[in-house]
Amino acid sequence: MKSTLLAGALLAFAAATSAHAQAIKLADVAELSGGGATVGTNWKNGIDLAIEEINAKGGVLGRKLEVSHADSQSNPGVARAQVQKALDAEPYVLLGPGYSGSVKVTAPLAAEAGIAQIMGGEAAELTQGGNKFLFRTSFGQQSSMPKVAKYIHDEMKAKTVAVVWVNNDFGRGGRDVVIKELDRLGSKVIADLSTEAGQADFAADVGKIKAANPDAVFVYLNEEESARILKELKRQGVTAPLMGETTLIGQKVIDLAGDAANGARGHVGLTTDAPVDLIKAFREKFSKKYNYVPDHNGLKGYLAVYMVKATTEKMGKVDSKAFADTLHGLTIKAAAEPGILMDVTFSETGDIDRQSFLVEVVEGKQVVKQVLPKVK
Amino acid sequence: MSNLFDLLVAGLATGAIYALVAVGFTLLWQTSQTINFAQGEFVMLPAFLMLAAMHAGAPFWLAIILGILLSMILLGLAFKMLLVDPMMRHGVLPLAIATMALAIGIKEAVKQFFSAEASPFPSIVPTGDISILGHIVSLQSIGVLALAILAVFGLTALLSRTSLGHQMQAAAQNPTVARIIGVPVERMILLTFLINAFLVALASLLITPIYLAKFSSGEVLGQAAFIAAIVGGFNQVRGAIAGGLLIGVLDNLAASYVSTQYRAAVPLIFLILVILFRPQGLLGRAEERTV
């Protein structure tokens, strides 16, 4: 009896060990607390949803996906330590972080280890340093900001613009590109306002905008700060039209800012309100699982996992060293891989080409005003 | 000029909230020599108690009442009985360190049980604008300022015009003599803890719609109110009020006329100057220790 039990236990242990060995291990480092908690939580939930779906359908090349989540606390120093720890466990692919500053300090570690890093950062400089292992899940600022500047100049007819940005890698990167583009187009930047990450009180900044009296205001802050400045802009009665990027008109910002978000416009690479059937289905699945409507970071996390799936299936093998080479120049069609949601092409620098949207917040909802096609 | 007026109104509105919190600091110090480094977290927590009540289905007005009552029980009664009383006999410093630990505990608990993300919080003051001397001013700024000033004046009247207030002052100034003349000193001390809890709950109600409900939002407030209390005079309620308003205005003017990056440094530089040249605070009394 004892020997039967022992044999059974050994068999179960062997089966478990074998299943474990077969799993493809991914490592995620994200902003699960601190100023970027909204970003990181959405990103993480998007990853978990995609993995659950993929595993339910038999995994990738017959192997299940497994992910470990680590918290960067929205701090680049902590992110670096967490990424190093994650890389020591030799993951197949590294996912995250979402903040550009954290990506900047962790990308060299992943490159040195020869592990592909699929991240959420949008700062222009991230993919301009020749790193062959870094991939975006959304537009870089060099792709999105010219569209933003063109909209401010052509559609809003703004001759004068106030630019409010957050003083970190993300904010500085966006500010530099948009100011250059606005200058080129002939819109004059009459207020250039730097704010701090985590800033709670925007009364003085909005006072400066009010005094400058611009034709339009470009707001480029992280989500929570965007909500706070929207409330303050409303409180101080600033009526100039507001333009931003995804971080100004994301669902979380709308939830936090309430009425104050109405009328704000933004260029959005990814939105759960996009008139795309696969994105609508994603939004429904996500909302059902987590009881809230995701923002673009939920989409980014979800797409990151499907990028892993599509690339691995293209290779026909699980090979972390060949992964980055395969993803460079790869076009993934939504018809072939529905999880990728929209057709996407990855450049040699890890940047993406995909259709995008111009969105306005109307009565607390994102309304897509224009669909901008894929460039190539 | 218009910008300066806007900055002054916004600064006074924020400063009035700092004043509410700073008054709590001075009250606790005067009656029980408690330096409460968790005061910022005391402002953060009531908003979450009110949100929890709303999530449970309570309307906003009921959530406010429940939030204030729960705050008075947790941050007044329980704080005094479970932390201050046992630690007090070990001296001021261990108690101050214990309040630092409490601050971390409250923050982490809110993060754990609620969320690390910010949440929206409804405003008790309606949105809209009014015109004052030709300037458009938001009702919210005026409402926050008015409510905070009302609370502070109410407290000042309680302390200086009522028998209860006189007993509280007596208990603060000389507990031994107060006991001899029949003042229930322990009850008076408890009352100051309850008043502090009420003030922080009110501050929470006023500031959270602007700052959003977030586990870390107490850090900025606690620091600003602490500076305000020292600048104004730690042993005077009116000093804390003046300090709060001054820091609020100074912070806004610094952000506008110096730089956003150095805004946090300006009140600290001011604090250093006050400590160097008027250590008892702008309106404080010089105190000497008995040896």
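The values are calculated or read from the model by the stated rules, or taken from the named source; none is laboratory data. Computed from a prediction, not measured in an experiment: that's the story for all the values here. When we count neighbours, we look across all protein chains shown, and the Cβ atoms used for this are built from the backbone with ideal geometry, even at glycine. For the accessible areas, the whole protein counts, side chains as well, though only heavy atoms, and no ligand, DNA or RNA atoms are used. Shrake-Rupley method; radii C 1.70, N 1.55, O 1.52, S 1.80 Å.
Okay, residues lined up against (1) more than 7 Å from every other protein chain (Cβ to nearest Cβ); (2) at pLDDT below 95; (3) out of contact with any Phe, Trp or Tyr (no Cβ under 6 Å at 6 or more places or on another chain):
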{"position": "A:Phe170", "(1), (2), (3)": "yes, yes, yes"}
{"position": "A:Val177", "(1), (2), (3)": "yes, yes, yes"}
{"position": "A:Ile190", "(1), (2), (3)": "yes, no, yes"}
{"position": "A:Ala200", "(1), (2), (3)": "no, yes, no"}
{"position": "A:Lys210", "(1), (2), (3)": "no, yes, yes"}
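Check off (1) within 16 Å of the chain's Cα centre (by Cα); (2) of a type in the set (D, E, K, R); (3) open to solvent by 50 Å² or more (accessible area, probe 1.4 Å) for A:Asp351 and give me the number that stays unchecked.
(3)
What is the one condition in (1) away from every other protein chain (no Cβ under 14 Å); (2) outside any strand (DSSP E or B) that A:Val217 does not satisfy?
Checking A:Val217 against (1) away from every other protein chain (no Cβ under 14 Å); (2) outside any strand (DSSP E or B), the one that fails is (2).
Out of the stretch A:53-76, which residues are in contact (Cβ under 8 Å) with a residue 12 or more places away in the chain and in a helix (DSSP H, G or I)?
If the condition is that a residue be in contact (Cβ under 8 Å) with a residue 12 or more places away in the chain and in a helix (DSSP H, G or I), then A:Glu53, A:Ile54, A:Pro76 are the ones that fit.
Name the residues in the stretch A:188-207 that are over 26 Å from B:Gly218 (Cα atoms) and hydrophobic (A, V, I, L, M, F, W, C), would you?
Within the stretch A:188-207, A:Val189, A:Ile190, A:Ala191 qualify.
Yes or no: B:Ile73 more than 14 Å from chain A (Cβ to nearest Cβ), open to solvent by 30 Å² or more (accessible area, probe 1.4 Å) and over 26 Å from B:Gly239 (Cβ atoms)?
yes
For the stretch A:194-219, give me each residue that is touching a Lys or Arg at 6+ places or on another chain (Cβ under 6 Å) and either among the aliphatic types (A, V, I, L, M) or crowded, with 19+ Cβ neighbours inside 10 Å (or both).
The one that is touching a Lys or Arg at 6+ places or on another chain (Cβ under 6 Å) and either among the aliphatic types (A, V, I, L, M) or crowded, with 19+ Cβ neighbours inside 10 Å (or both): A:Phe202.
Open to solvent by less than 10 Å² (accessible area, probe 1.4 Å) and farther than 25 Å from B:Gln140 by Cα - does that describe any residue in the stretch A:258-266?
Yes; the residues of the stretch A:258-266 include at least one that is open to solvent by less than 10 Å² (accessible area, probe 1.4 Å) and farther than 25 Å from B:Gln140 by Cα.
So, in the stretch A:78-103, how many residues would count as being closer than 20 Å to A:Thr41 by Cα and in contact (Cβ under 8 Å) with a residue 24 or more places away in the chain?
So the count comes out to 16.
Going residue by residue through the stretch B:222-244, is there one that turns out to be within 14 Å of chain A (Cβ to nearest Cβ), out of contact with any Leu (no Cβ under 6 Å at 6 or more places or on another chain) and over 17 Å from B:Ala16 (Cα atoms)?
Within the stretch B:222-244, none of the residues are within 14 Å of chain A (Cβ to nearest Cβ), out of contact with any Leu (no Cβ under 6 Å at 6 or more places or on another chain) and over 17 Å from B:Ala16 (Cα atoms).
Hey, among B:Phe37, B:Phe79, B:Phe42, which residue is open to solvent by 30 Å² or more (accessible area, probe 1.4 Å), more than 14 Å from chain A (Cβ to nearest Cβ) and within 30 Å of B:Gln236 (Cβ to Cβ)?
After applying the criteria, what remains is B:Phe37.
Got a sec? Which of A:Arg172, A:Arg184 is farther than 25 Å from B:Ala13 by Cα and within 19 Å of the chain's Cα centre (by Cα)?
A:Arg172
Could you say which residue among B:Ala109, B:Ala118 is within 14 Å of chain A (Cβ to nearest Cβ) and either farther than 30 Å from A:Gln251 by Cα or in contact with a strand residue (DSSP E or B) (Cβ under 7 Å, 6 or more places away or on another chain) (or both)?
B:Ala118
Quick one: which residue in A:Lys369, A:Lys314, A:Lys333 is of a type in the set (Lys, Arg) and either surrounded by 14 or more Cβ atoms within 10 Å (Cβ to Cβ) or more than 24 Å from A:Ser143 (Cα to Cα) (or both)?
A:Lys314
For residues in the stretch A:5-41 being of a type in the set (Val, Ile, Thr) and at pLDDT 50 or above, which is most open to solvent (accessible area, probe 1.4 Å)?
It comes out as A:Thr41.
May I ask you to verify whether B:Ser204 is within 11 Å of another protein chain (Cβ to nearest Cβ) and within 26 Å of A:Leu233 (Cβ to Cβ)?
No; evaluated as a whole, the condition is false for this residue.
Matching residues to (1) aliphatic (A, V, I, L, M); (2) open to solvent by less than 10 Å² (accessible area, probe 1.4 Å); (3) touching a residue at least 40 places away in the same chain (Cβ under 8 Å); (4) not in a helix (DSSP H, G or I):
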{"site": "B:Glu186", "(1), (2), (3), (4)": "no, no, no, no"}
{"site": "B:Ile189", "(1), (2), (3), (4)": "yes, no, yes, no"}
{"site": "B:Leu194", "(1), (2), (3), (4)": "yes, no, yes, no"}
{"site": "B:Leu199", "(1), (2), (3), (4)": "yes, yes, yes, no"}
{"site": "B:Ile207", "(1), (2), (3), (4)": "yes, yes, yes, no"}
{"site": "B:Phe215", "(1), (2), (3), (4)": "no, no, yes, yes"}
{"site": "B:Val220", "(1), (2), (3), (4)": "yes, no, yes, no"}
{"site": "B:Ala225", "(1), (2), (3), (4)": "yes, yes, yes, no"}
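Anything in the stretch B:30-65 that is aromatic (Phe, Trp, Tyr) and touching a Leu at 6+ places or on another chain (Cβ under 7 Å)? List them, or say none.
Matches in the stretch B:30-65: B:Phe42 only.
Identify, please: which residue in the stretch B:229-273 is more than 20 Å from B:Gly24 (Cβ to Cβ) and of a type in the set (Val, Ile, Thr) and is, among those, least open to solvent (accessible area, probe 1.4 Å)?
B:Thr260
Only one of (1) more than 20 Å from the chain's Cα centre (by Cα); (2) within 24 Å of A:Ala123 (Cβ to Cβ); (3) among the β-branched types (Val, Ile, Thr) fails for A:Thr312. Which number is that?
It fails just one condition, (2).
What tally of residues in the stretch B:150-184 results from selecting those that are open to solvent by less than 10 Å² (accessible area, probe 1.4 Å) and either free of Cβ contacts under 8 Å to residues at least 60 places away in the same chain or under 18 Å from B:Ala225 (Cβ atoms) (or both)?
Selection size over the stretch B:150-184: 2.
Just give me the residues in the stretch A:220-240 being of a type in the set (A, V, I, L, M, F, W, C), closer than 21 Å to B:Leu253 by Cβ, touching a helix residue (DSSP H, G or I) at 6+ places or on another chain (Cβ under 6 Å) and buried (at least 24 other Cβ atoms within 10 Å of the Cβ), in sequence order.
Within the stretch A:220-240, A:Leu233 is the sole residue that qualifies.
A:Lys44 - would you say it is at pLDDT 95 or above, surrounded by fewer than 19 Cβ atoms within 10 Å (Cβ to Cβ), among the basic types (Lys, Arg) and part of a helix (DSSP H, G or I)?
Taking the combined requirement at face value, the residue does not satisfy it.
Exactly one of these conditions fails for B:Val125: (1) open to solvent by less than 20 Å² (accessible area, probe 1.4 Å); (2) part of a helix (DSSP H, G or I). Give me its number.
Here B:Val125 meets the rest and fails (2).
Taking the stretch A:272-291 as the region of interest, how many residues are in contact (Cβ under 8 Å) with a residue 12 or more places away in the chain and out of contact with any strand residue (DSSP E or B) (no Cβ under 7 Å at 6 or more places or on another chain)?
Here the count works out to 9.
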